[in-house]
Amino acid sequence: MRAERNAAGVVDLTTLVPPAAPPSPAVEPTATAPSRPWGVHLTRLALDGWSARFEDHQVTPVAVTTLAPIKITAGNVDTAPGSRATLDVRLGLNKQGRIAISGAASFNPVAANLKLDLRNIEILPLQPYFADQVNLTVTDGTVSINANAKLDVPAAPPKGPPPQARLAFTGDIDVAQFAAVDGTKQEPFLSWRSFHVGGLDLTTVPLKVAVRELALTDFYSRLTIYPDAHFNVQDIAAAPKQTTPPVAVAAKPPTAAAHMTGQPKPPSAPPPPVTIGQVTLQGGHVSFTDHLIRPNYSAELTELGGRLSGLSSDASTQADIDLRGAVDHSGALSIVGKVNPLAGNLFVDVKVALKDFELPPASPYAAKYAGYGISKGKLALSLDYHIANKKLDAKNHLTIDQFTFGDKVKSPDATSLPVKLAVAILKDRHGVIDLNVPIAGSLDDPDFKIGRAVLKVLGNLIVKAVTAPFSLIASAFGGGDQLSRLDFPAGLATVDAGAQAKIRTLAKALQERPGLSFEIEGGADPQRDREDLRRHIFQQKLRAQRVVELAKTGGTTGGTTGGTTGITPSAQDAAAPIDPAERPHLVELAYKAETFPKPRNFLGIEKGLPPAEMEKMIATHIVVDEDALRTLAQERGKAVLGALSKIAPEGAARLFLVTPRLGPTPGPAVELRLKKD
């Protein structure tokens, strides 16, 4: 049978096998003879200059597809086993798409080996087919495919499950000029100039995927947090349509076997092999906006580019990553290292560096959570992350240069901690805050979250800076525990060796942390200081008499050489220890200088007493009252202030002597506190 449409296109239909044989009217069949299966043989099919329009009303909106012009040439189309037909199809799809398919195919068994050349297939007309899957509106974009596809469907066996069809696809895929807006806010969400999948080699049985290269050029993505605290990415996945109401199914009680322990789990199927030779990014732009913060915060990641090479699901391999970008057109971002994200056992050995990130744009976050804006500052961030065998070992190094808080802002979420004091403790004399935040943990722990761990460590550091500032100073500059307390010998205001070591550390902190101001509070303990102070006052009386005697005699006292004749006594002479040989003479002089009533004989003449009795009389009349103790406490504070001012003179203006305190606390010591604004 032959049918002709016109000179432009011819359809050849020949040989329908088997031919219909009319039954003989004279012979009655006695049994049903087995019939031969129908077969089709088409020597040649040629269509040219045709067009077609398809409307699919099962999707919303209605999908309309036009094919024009249509040119199809086929030869040797036969249903007989082993026959192979040739095929050449050329179609115009919608406005600008072109489809060319050529190759060979067979019906028994089903198989095809085709060359595919699809160019400029518009995505927009196909949107009704995926509109219910993603909340995304595609506004532009075309797909081009240049590939070979091979399909094999083995014949079904008499028994058993049907065989799996095997598809082998090799070639290139390009998606160009893609643009899409989110379906909720109709804001730009994702776009790129070109996305190239080169050297794709896909096999379904067994599943295997290999890609020579992926290249994304001039891409843009918009990430937004809305006032109700949800991400715009969450809106992209459309909620699945529920066609039938859910049926409540009673849970089956667990069987005894389910409670048995020690049973080996069936081995899970290994993941399909996946390899990607190289991923290249160029001209990337990611825009981030946070509407949850008032005023809103925005950041731009631009000039994003680089490559990722050697990706594979093989756990023994590692891919090299090298990405670069700019943050807000000033900060430089780099990500360099080795990763293996496709393997079942994640491996990461990556260094992330961010330099010169301006902090004032992030002022809304500081205002909300710290109660102050940021008027100045730059951030440098260095992250060194190592993940192997589900164990994380991370080193986070943060450097903030010239960080300066702005005006105070009323915020119900702001911390009550004195954050300015924390910054003053952490900022050195060059205006730099330098922090190391190590993080370690197991990724198998469901309570372990990397971001939460980093924030917790930073939060603990700030809390420590406020609640235990001297402990933080000691860890930074040395000086041991209780750096805020300097103990003194009972009854004395002399800085001993132990206090001197702490003062050197405090002076260094005063030099390196120009934002620090110390309040110095001297102390005295009436119980512990009173007797020792009386003893020291007595020693001072003896030394005072020695100075007077040296001045009178020109350098000698009571038979003992005490200086050089003609030389005025010095402070060193006054502070020198009392020699036992000169002590009786000095006690006698001190006794004579006292004005308290002295023992007399019956004639009213002052009695002569041995040195021990005179010493006892002097000590008995030394009164150590609260004023004396307060003076001792104040002298201790002055001694610390003077020692700090001498070592760190540039910090003297930030030292404040406060009213001394008497009592068990602070006792014979000086306490330092950080002066708060």
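The values are calculated or read from the model by the stated rules, or taken from the named source; none is laboratory data. Predicted, not measured: the structure shown is a model, and the values here were computed from it. When we count neighbours, we look across all protein chains shown, and the Cβ atoms used for this are built from the backbone with ideal geometry, even at glycine. Just so you know, the surface numbers come from the protein's heavy atoms only, side chains and all, with ligands and any DNA or RNA stripped out. Shrake-Rupley method; radii C 1.70, N 1.55, O 1.52, S 1.80 Å.
Residue check: is VAL40 at pLDDT below 95, under 30 Å from PRO109 (Cβ atoms), open to solvent by 40 Å² or more (accessible area, probe 1.4 Å) and not aromatic (Phe, Trp, Tyr)? Considered against the rule, which asks whether it is at pLDDT below 95, under 30 Å from PRO109 (Cβ atoms), open to solvent by 40 Å² or more (accessible area, probe 1.4 Å) and not aromatic (Phe, Trp, Tyr), VAL40 comes out as yes. Scan the range 376-397 for residues that are surrounded by 15 or more Cβ atoms within 10 Å (Cβ to Cβ) and over 16 Å from ILE335 (Cα atoms) and the total you get is 4. None of VAL463, VAL432 is modelled with pLDDT of 85 or more and surrounded by 12 or more Cβ atoms within 10 Å (Cβ to Cβ) except VAL432. Please verify whether GLY97 is more than 30 Å from HIS230 (Cβ to Cβ) and open to solvent by less than 30 Å² (accessible area, probe 1.4 Å), treating the condition exactly as stated. Judged against the criteria, GLY97 is a match. Hey, does the range 561-572 have a residue that's modelled with pLDDT of 90 or more, farther than 18 Å from LEU657 by Cβ and part of a helix (DSSP H, G or I)? Within the range 561-572, none of the residues are modelled with pLDDT of 90 or more, farther than 18 Å from LEU657 by Cβ and part of a helix (DSSP H, G or I). You will find that of LEU632, LEU586, the residue that is in a helix (DSSP H, G or I), closer than 20 Å to GLN539 by Cβ and within 60 Å of the chain's Cα centre (by Cα) is LEU632 and no other.
Which of the residues spanning the range 437-454 are more than 13 Å from ILE400 (Cβ to Cβ) and at pLDDT 70 or above?
Answer for the range 437-454, where residues must be more than 13 Å from ILE400 (Cβ to Cβ) and at pLDDT 70 or above: PRO438, ILE439, ALA440, GLY441, SER442.
In the range 62-131, counting only strands (runs of 3 or more DSSP E) that sit wholly within it, none holds 2 or more residues that are among the basic types (Lys, Arg) and farther than 24 Å from ARG44 by Cα. Scoring SER144 on the criteria (1) of a type in the set (Gly, Ala, Ser); (2) surrounded by 15 or more Cβ atoms within 10 Å (Cβ to Cβ); (3) part of a loop (DSSP other than H, G, I, E, B) leaves a single failure, condition (3).
When the residues of the range 597-623 are filtered to those that are part of a loop (DSSP other than H, G, I, E, B) and of a type in the set (A, V, I, L, M), the one that is surrounded by the fewest Cβ atoms within 10 Å (Cβ to Cβ) is LEU603.
Give the residue that is farthest from PRO438 (Cα to Cα), with candidates limited to residues of the range 348-371 that are part of a strand (DSSP E or B) and either among the basic types (Lys, Arg) or out of contact with any Ser or Thr (no Cβ under 9 Å at 6 or more places or on another chain) (or both). Ranking the candidates gives LYS355 first. Looking at GLU650, GLU594, GLU626, just one residue is of a type outside the set (Gly, Ala, Ser), in contact with a Leu (Cβ under 7 Å, 6 or more places away or on another chain) and surrounded by fewer than 16 Cβ atoms within 10 Å (Cβ to Cβ), and that residue is GLU626. Of VAL233, VAL247, VAL197, all but one fail to be surrounded by fewer than 16 Cβ atoms within 10 Å (Cβ to Cβ) and either among the acidic types (Asp, Glu) or modelled with pLDDT of 85 or more (or both); the exception is VAL233.
Condition check ((1) of a type in the set (Gly, Ala, Ser); (2) under 26 Å from GLY199 (Cβ atoms); (3) under 42 Å from the mean Cα position of the chain (by Cα); (4) at pLDDT 90 or above) across all residues:
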| position | (1), (2), (3), (4) |
| --- | --- |
| GLY103 | yes, yes, no, yes |
| SER106 | yes, no, no, yes |
| PRO109 | no, no, no, no |
| ASN113 | no, yes, no, yes |
| ASP117 | no, yes, no, yes |
| GLN127 | no, no, yes, yes |
| THR137 | no, no, yes, yes |
